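Since the structure comes first, as structure tokens, the remarks are kept for the end.
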Amino acid sequence: MTRLAVFLGALTLTCAATARNAVWIDTDPAIGAPWREVDDAFALILAFHSPELRIAGISTTYGNAPLRRTTEVARDLVRHFGKCAGLTTADIHAGARSPSDAAKNSDATEALARALREERLTYIALGPLTNLADFLKLHPTLAERIERVLIVGGRSPDATFAFGPNKSFSVHDANVFKDPAAVAAVLRSSCPLVLTPVEIAPQLALTPTDFRALKRGGPAGRYLNQQTRVWSWFWRTIVGEKGGLVFDVFAILPAVRSDLLKTETRFVAFDADGDLVAYREPQPGRRRIQFAIDTRPETHSLVLERLGAKTAE
């Protein structure tokens, strides 16, 4: 092999290592409190442990808990597990306290604006869309700098928000339900949208075997195993699923690797009940989006490996 070939090979590896997807994550984590949803923590730790991503910033919002609590939890997660992603607590930016904060400046909206002036970003929305709607209202000229928005929400026309063997446990489409006006504002924007609905969550249920694997993993895996025992028990014993459902993880996957989720073109609109429905047929008033319908076979093992990664924290 010539010196030129060696040099070009090294250059290719260097470029591949640095060509990471720049993302902004908006989140409402509540792990650590009994009977709170914990899936944001799984999503964040997956993002921290994904070398394909470069996290430009994290904003917090109300949702699973009040803003003060979600911001504290986000800072705690970054403090303990964010070093491998180059993050510090200075990268956490508090946003909306409730839907009534619509069109108000916040640390979150201003930090996102600064980041987008520097580079184009993928926006990952794990909570209500209030922060994003506020940003679009306050900084409309920067909307074109958002490459796409990955959203946890929406449903197929024939799907229900029910889980368990008899579909006896019902939930609501939380991120839509908590601020539908913000969702409508995002639908009116020019940002490309990808919806990951709660209906596909059973495809990535975390079983007791998975949690034993996390316990044998690194600090983040052991933390998740310890902090989610009540949550995991609830999904298995009360709901009847084979494991805990990590809804928010699905919004991280397309940013990590484009083929981890199977998507198809759909057309979304609010129905008469106020649900955000992704129809297969276009009609006036329906917004064209990409809609997640399935996961690739290797997705489960990749997620589990990264959640329990033995990285230096």
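Please pick out the residue among ALA56, ALA113, ALA96 that is more than 19 Å from the chain's Cα centre (by Cα), among the hydrophobic types (A, V, I, L, M, F, W, C) and over 28 Å from VAL230 (Cα atoms).
Residue meeting the stated conditions: ALA113.
Name every residue in the range 83-120 that is crowded, with 24+ Cβ neighbours inside 10 Å and hydrophobic (A, V, I, L, M, F, W, C), in order of residue number.
ILE92, ALA96, ALA108, LEU112
Taking the options PHE267, PHE247, PHE291, name whichever one is in a loop (DSSP other than H, G, I, E, B) and within 15 Å of LEU195 (Cβ to Cβ).
PHE247
Select, from ALA269, ALA251, the only residue that is modelled with pLDDT of 95 or more, touching a helix residue (DSSP H, G or I) at 6+ places or on another chain (Cβ under 9 Å), open to solvent by 10 Å² or more (accessible area, probe 1.4 Å) and of a type outside the set (D, E, K, R).
When all the criteria are applied, what remains is ALA269.
Scan the range 294-313 for residues that are part of a loop (DSSP other than H, G, I, E, B) and acidic (Asp, Glu) and report the count. Before the answer, list the steps.
The first filter runs over the range 294-313 and keeps only residues part of a loop (DSSP other than H, G, I, E, B), leaving 296-298, 308-313.
From the residues that got through so far, the ones that are acidic (Asp, Glu) too are 298, 313.
Selection size over the range 294-313: 2.
Condition first: open to solvent by less than 20 Å² (accessible area, probe 1.4 Å), within 11 Å of VAL38 (Cβ to Cβ) and of a type in the set (A, V, I, L, M). Now tell me which residues in the range 217-232 satisfy that.
Answer for the range 217-232, where residues must be open to solvent by less than 20 Å² (accessible area, probe 1.4 Å), within 11 Å of VAL38 (Cβ to Cβ) and of a type in the set (A, V, I, L, M): just LEU224.
Taking only pairs six or more apart or across chains, which ones have beta-carbon atoms under 7 Å, a first residue in the range 220-238 that is closer than 16 Å to ALA205 by Cβ, and a second residue that is small (Gly, Ala, Ser) and part of a helix (DSSP H, G or I)?
Matching pairs, first to second residue: LEU224/ALA41.
Could you please find all residues in the range 249-279 being charged (D, E, K, R) and either touching a Cys at 6+ places or on another chain (Cβ under 8 Å) or touching a residue at least 24 places away in the same chain (Cβ under 8 Å) (or both)?
If the condition is that a residue be charged (D, E, K, R) and either touching a Cys at 6+ places or on another chain (Cβ under 8 Å) or touching a residue at least 24 places away in the same chain (Cβ under 8 Å) (or both), then ARG257, ASP259, LYS262, GLU264, ARG266, ASP275 are the ones that fit.
Does ALA22 meet the test of being of a type in the set (A, V, I, L, M, F, W, C), surrounded by fewer than 21 Cβ atoms within 10 Å (Cβ to Cβ) and modelled with pLDDT under 95?
no
Looking only at the range 123-156, count how many residues are more than 21 Å from ARG75 (Cα to Cα) and assigned to a strand (DSSP E or B).
Looking only at that region, the number is 8.
Look through the range 197-216, keep the residues that are outside any helix (DSSP H, G or I) and crowded, with 21+ Cβ neighbours inside 10 Å, and return whichever of them is nearest to the chain's Cα centre (by Cα).
Among residues in the range 197-216 that are outside any helix (DSSP H, G or I) and crowded, with 21+ Cβ neighbours inside 10 Å, the one nearest to the chain's Cα centre (by Cα) is PRO197.
Test of understanding: among ALA185, ALA181, which residue is under 13 Å from ALA133 (Cα atoms) and open to solvent by 60 Å² or more (accessible area, probe 1.4 Å)?
On the way: ALA185 fails: open to solvent by 60 Å² or more (accessible area, probe 1.4 Å).
None of the other options fit; the residue is ALA181.
The values are calculated or read from the model by the stated rules, or taken from the named source; none is laboratory data. For clarity, every value in this text was computed on a predicted model and none was experimentally measured. Using ideal geometry, Cβ is built from the backbone for each residue, glycine included, and neighbour counts are taken over all protein chains shown. Surface accessibility is based on the protein's heavy atoms, side chains included, excluding ligands, DNA and RNA. Shrake-Rupley method; radii C 1.70, N 1.55, O 1.52, S 1.80 Å.
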